[in-house]
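K.L.:
Have a look at this one.
The values are calculated or read from the model by the stated rules, or taken from the named source; none is laboratory data. Treat the numbers as computed from the prediction; the structure is a model and nothing was measured. Cβ: placed from backbone, ideal geometry, glycine included. Neighbour counts: every protein chain shown.
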Amino acid sequence: MRTLRDAKIVIATHNKGKLEEFAALLKPYGVEAVSAGALGLPEPVETENTFAGNARIKALSAMTASGLIAVSDDSGLCVEALGGEPGVYTADWAGPDRDWNRAMRLVEEKLQAKGATTPDKRRAYFSCTLCVIWPDGEERIYEGRAQGTLAWPPRGQLGHGYDPMFVPDGETRTFAELSPEEKNRISHRAKALEKLVRDLF
């Protein structure tokens, strides 16, 4: 049976916030997580049009370069009124300098252009797809979603990306107003990791 318990793994990310979330969620299982960024690994070009496809590209690149078991995630914000955009292009909307305020403004401008001013027209979900690849080539895929609505203006200083405008179902606060512990209980990444944990621990 495959397991990650007490393993040293590489998280295929150069995003500090993402690494911190992963490390906190995996720590109870004795997992030692290092990021691709910390190892100086290159960022592969994401050429797929699905979360699973891009997660696989990242995991395969990190595993090949490091020789370690690699865990990657591809996640994004999918807005119903925008036909699922930005979706796999979530980071692209922030531009090359990763300006998330710009990205959030772009989402809001597109919603306003569609007259999406009431909560029922501002439904969205965060999607997270995890890919685990072992050096022998075996791979596993896990998916999780967090449903919610989009608020404007953005609120909160915590979190990263589009968190300041996303209010998860059952909450009045945005992801960026929740403590990391609170967010980690209900986030899309937590839900995908729950599946990974059930399978690999």
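K.L.:
Kindly evaluate F166 against the criterion of being buried (at least 22 other Cβ atoms within 10 Å of the Cβ), of a type in the set (F, W, Y) and closer than 16 Å to A81 by Cα.
P.N.:
Taking the combined requirement at face value, the residue satisfies it.
K.L.:
Can you say whether F175 is surrounded by 21 or more Cβ atoms within 10 Å (Cβ to Cβ), touching a Gly at 6+ places or on another chain (Cβ under 6 Å) and modelled with pLDDT of 95 or more, as far as the supplied structure shows?
P.N.:
Here the answer is yes, as F175 does meet what is asked.
K.L.:
So, one more: Restricting to segment 82-96, give me the number of residues that are crowded, with 19+ Cβ neighbours inside 10 Å and among the hydroxyl-bearing types (S, T, Y).
P.N.:
1
K.L.:
In addition: Sort through A176, A124, A103 and tell me the only one that's in contact with a Leu (Cβ under 7 Å, 6 or more places away or on another chain) and assigned to a helix (DSSP H, G or I).
P.N.:
Details: A124 fails: assigned to a helix (DSSP H, G or I); A103 fails: in contact with a Leu (Cβ under 7 Å, 6 or more places away or on another chain).
Unique residue meeting the criteria: A176.
K.L.:
Another question, then. What number of residues within segment 181-201 satisfy the criterion of being surrounded by 15 or more Cβ atoms within 10 Å (Cβ to Cβ) and assigned to a helix (DSSP H, G or I)? Break it down stepwise before answering.
P.N.:
Residues of segment 181-201 that are surrounded by 15 or more Cβ atoms within 10 Å (Cβ to Cβ), as a first pass: 182-184, 186-193, 195-197, 200.
Then drop every residue that is not assigned to a helix (DSSP H, G or I), which leaves 182-184, 186, 188-193, 195-197, 200.
Qualifying residue count for the region: 14.
K.L.:
Is it the case that R189 is among the basic types (K, R) and in contact with a Ser or Thr (Cβ under 8 Å, 6 or more places away or on another chain)?
P.N.:
Here the answer is yes, as R189 does meet what is asked.
K.L.:
Would you please name the residue that is nearest to R5 (Cα to Cα), looking only at residues in segment 55-71 that are touching a Leu at 6+ places or on another chain (Cβ under 7 Å) and crowded, with 24+ Cβ neighbours inside 10 Å?
P.N.:
Per the stated criteria, the residue is V71.
K.L.:
Identify the single condition in (1) among the charged types (D, E, K, R); (2) in contact with a Phe, Trp or Tyr (Cβ under 6 Å, 6 or more places away or on another chain); (3) at pLDDT below 95 that E108 does not satisfy, given that it satisfies every other one.
P.N.:
That leaves (3) as the condition not met.
K.L.:
Across segment 148-173, what is the total count of residues that are touching a Pro at 6+ places or on another chain (Cβ under 6 Å) and either of a type in the set (F, W, Y) or assigned to a strand (DSSP E or B) (or both)?
P.N.:
2
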